[in-house]
Amino acid sequence: MSFEKFNTDVDVIAFARQHSQLFSDQDRLQVEEIGDGNINFVYRVFSDSDSLIVKQALPYIRVIGEGWPLSQDRIRIEFEALKLAARHCENFVPEVYSFDAEQCAIVMQDIGAYGSLRSALIERQKLPLVAEKIGCFLADTLFYTSDLYLGSIEKKALVQQFINPDLCKISEEVFFWDPYCDHERNNVNELLRSDAEQLWQDVVLKREVARLKAKFLNQAEALLHADLHSGSVFANQSGIKIIDPEFAFVGPIGFDIGLIIANYLLNLSGQANLPGDKTERSDYQQWLLVSIETIWGTFAQRFRNHIQQETQEPSLQLPEYADWYIQELLADSLGYAGTEVIRRTIGVAHVDDVESISDPQKRADSERLSLLLGQMLIKERATFENIDQLISRVRELMYCR
């Protein structure tokens with residue numbers, strides 16, 4: 001049997017029945033396509049009482065076609081990353097029921113009880129516990145796949161297991177190259193054109209981005225989700241589910257932390273001009289900043305505890321080493337947050353937190369704040385001794401521009 005794309009609902013239903021025990025023979029099943037559909041096909045298969053998700057990877061980027069080939073090994077990587085995350089954070093990822101290597105498809109739990117964190121942020125929902133749980137997810141998945149926990153042979157096997165060249169290449173280009181030149185893939189608001197052109201001429205900024213890129217290319221610290229934006233986090237009043245780790249590879253820890261912090265900051269920029277009462281929007285911006293403090297604070301404390309209690313290598317157990325290492329992670333995280341904010345503002349893929357602002361002038365104002373924040377995060381990342389100093393600097397840029 002060779003790879004065959006699902007062409008009809010009948011194909012999807014047959015696959016779901018074959019690869020799960022969720023439905024009985026008597027269940028009448030229906031199919032709906034869900035997700036943004038940019039790269040893969042994602043289907044919800046449901047009966048009157050149960051449902052599951054089927055995701056199939058094509059040998060190319062779906063929205064572009066065969067002109068941009070893409071390895072289908074990404075679906076194997078997503079499957080294995082979800083299984084590994086479940087070993088350490090079982091409640092924070094959907095359960096995977098089955099993986100079919102020939103059909104390049106996985107069957108997993110439907111997380112319909114959770115909603116997109118991006119949508120929740122745009123709607124100014126204050127979901128409790130989300131920031132703390134994100135911090136726990138980061139601390140656990142990153143520590144337990146790092147040299148701080150794994151033996152040398154285990155760690156090198158992990159690196160080999162998650163070699164992901166096609167999707168890493170996409171990240172290398174959209175994070176560290178396209179936004180820093182007048183690239184044809186960029187999507188620049190014409191009202192922001194002069195700001196973008198000024199950024200493209202900033203040699204100091206480009207040097208710092210090159211340093212961050214070098215770490216991305218060479219620093220195999222831990223297994224990353226590597227696409228941890230607010231659209232990959234689903235949340236409700238009681239918890240979170242983190243999905244879509246098809247970009248996973250072993251890279252710098254700060255990349256995952258930086259991406260989720262950046263998405264809170266992108267929403268903060270959007271709240272300056274999204275519809276609604278100004279006082280309400282301003283209050284929500286402060287809540288976003290508190291959430292960033294919680295994400296980092298939870299991560300740093302839990303990660304430090306893991307080092308103290310579970311690291312076996314004596315030289316890595318030193319409290320002085322942990323102090324230095326976590327300080328380095330803060331700087332890396334802020335730098336990568338800056339690259340995410342900038343690429344979501346003038347790169348190829350924007351976010352609804354800002355893009356949904358209908359007035360072009362107001363949208364440009366929020367985008368301009370994003371660019372200021374992104375450049376500050378990259379250039380000043382090593383100057384912050386703690387997260388409180390960073391929050392103060394963000395407030396300064398918000399109110400003094």
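Shape analysis of the stretch 199-243 yields a ratio of the Cα radius of gyration to the Kirkwood radius, Rg/Rh, of 1.19.
Based on Cα atoms of the stretch 263-318, Rg over Rh with Rh as the Kirkwood radius reads 1.32. Ignoring lysines fewer than eight residues from Lys155 along the same chain, the ones with Cα atoms less than 20 angstrom from its Cα are Lys83, Lys215. Taken along the Cα-to-beta-carbon direction at a fixed 7 Å, the label points for Lys5 and Tyr399 span 5.4 nm.
Taking all Cα pairs closer than 8 Å and separated by 6 or more residues, the relative contact order of the stretch 262-331 comes to 22 percent. Annotation: amide H-H contacts under 5 Å for Trp68 (H modelled 1.01 Å from N, sequence separation of 5 or more, or interchain): Ile61. Rounded, prolate or oblate: pick one for the stretch 1-121, where a ≥ b ≥ c are the square roots of the eigenvalues of its C-alpha gyration tensor, a/c under 1.5 means rounded, and failing that, prolate if a/b is larger than b/c, else oblate. Taking the square roots of the gyration eigenvalues as a ≥ b ≥ c, the stretch 1-121 is rounded. For the stretch 158-298, compute Rh as the Kirkwood radius over C-alpha pairs and then the Stokes-Einstein diffusion coefficient at 4 °C and 1.567 mPa s; write the answer in µm²/s, rounded to an integer. Answer, rounded: 75 µm²/s. 3J(HN,Hα) couplings calculated from phi for the stretch 95-104 with the Karplus curve 6.51 cos²θ - 1.76 cosθ + 1.60 (θ = phi - 60°) are, in sequence order, 6, 9, 8, 6, 9, 10, 5, 5, 8, 6 Hz; Gly and Pro show x. Less than 5 angstrom separates the built amide H of Gly231 from those of Arg118, all sequence-distant by 5 or more or on a different chain. Subtracting the Cα-Cα distance of Glu293 and Gln308 from 0.36 nm times their residue separation leaves 3.2 nm of extension gain. Less than 19 Å from a label point 7 Å out along the Cα-to-Cβ axis of Glu154: which backbone N atoms in the stretch 285-318 qualify, by residue? Residues passing the 19 Å test: 303-318.
Ligands, DNA and RNA left out, the accessible area of the stretch 84-240 computed with a 1.4 Å probe is 50% carbon and sulfur. For the chain, the relative contact order is 17 percent, taking Cα pairs closer than 8 Å that sit 6 or more residues apart in sequence and dividing their mean separation by the residue count. If you compute Kirkwood radius over Cα pairs in Å for the structure shown, which of [x] 24.1; [y] 26.2; [z] 22.0 do you land on? It is the one labelled [z]. Per the Kirkwood treatment, what hydrodynamic radius in Å, one decimal, follows for the stretch 351-395 from the mean inverse distance over all distinct Cα pairs? 11.8 Å is the Kirkwood radius here. Applied to the stretch 233-240, the Karplus parametrisation 6.51 cos²θ - 1.76 cosθ + 1.60 on θ = phi - 60° returns per-residue 3J(HN,Hα) values of 10, 10, 8, 9, 5, 10, x, 9 Hz, with x for Gly and Pro. Projected label points at Tyr321 and Trp68, each 7 Å from Cα along the beta carbon direction, are separated by 4.2 nanometres. Rg then Dmax, both in Å and based on the Cα atoms of the stretch 228-355: 16.7, 55. Globularity index of the stretch 303-345 is 1.54 (Cα radius of gyration / 2.2 N^0.38 Å, N = number of residues). Computed over the alpha-carbon pairs of the stretch 85-180, the distance histogram in 10 Å steps reads 11, 26, 40, 22, 1 percent, short to long.
Each eigenvalue of the Cα gyration tensor of the stretch 20-90, multiplied by 5 and square-rooted, gives one semi-axis; in descending order these are 26, 19, 9 Å.
Would you tally the net charge around Ile111, using a Cβ to Cβ cut-off of less than 13 Å, leaving Ile111 out, and scoring K and R as +1, D and E as -1? Result for the local shell: 0. Helix screen, the chain: DSSP H segments with Cα axial length of 15 Å or more and mean Kyte-Doolittle hydropathy at least 1.0 are 130-143, 253-271. Ignoring everything except DSSP H segments at least 4 long, calculate the 222 nm mean residue ellipticity for the chain; use -39,500 (n - 2.57) per segment, divide by total residues, nearest 500. Computed mean residue ellipticity for the chain: -17000 deg cm²/dmol. With the simple spin-label model, which puts each label point 7 Å out from Cα in the Cβ direction, the Glu32 to Glu190 separation comes to 3.8 nm.
Ranking Gly254, Leu217, Ala272 by Cα position along the charge dipole of the stretch 190-277, where only Lys, Arg, Asp and Glu carry charges on their C-beta atoms, puts Leu217 farthest toward the positive end. Rolling a 1.4 Å probe across all protein chains gives Trp177 an accessible area of roughly 130 Å². Solvent-accessible surface of the chain, taken per residue with a 1.4 Å probe and all protein chains present: 44 Å². Normalised by the number of residues in the stretch 12-128, the mean separation of alpha-carbon contacts (under 8 Å, six or more apart) gives a relative contact order of 20 percent. Out of every Cα pair in the stretch 155-212, what percent are spaced more than 16 Å from each other? Beyond 16 Å sits 56 percent of the P(r) for the stretch 155-212. In this Cβ point-charge picture (+1 for Lys and Arg, -1 for Asp and Glu), the chain has a dipole of about 700 debye about its Cα centre.
The values are calculated or read from the model by the stated rules, or taken from the named source; none is laboratory data. Keep in mind the model is a prediction, meaning the values are calculated, not measured. Because the Cβ atoms are built from the backbone with ideal geometry, glycine has one as well, and the counts that use them run over all protein chains shown. Side chains are part of the model used for accessible areas, which takes the heavy atoms of the whole protein and leaves out ligands, DNA and RNA. Shrake-Rupley method; radii C 1.70, N 1.55, O 1.52, S 1.80 Å.
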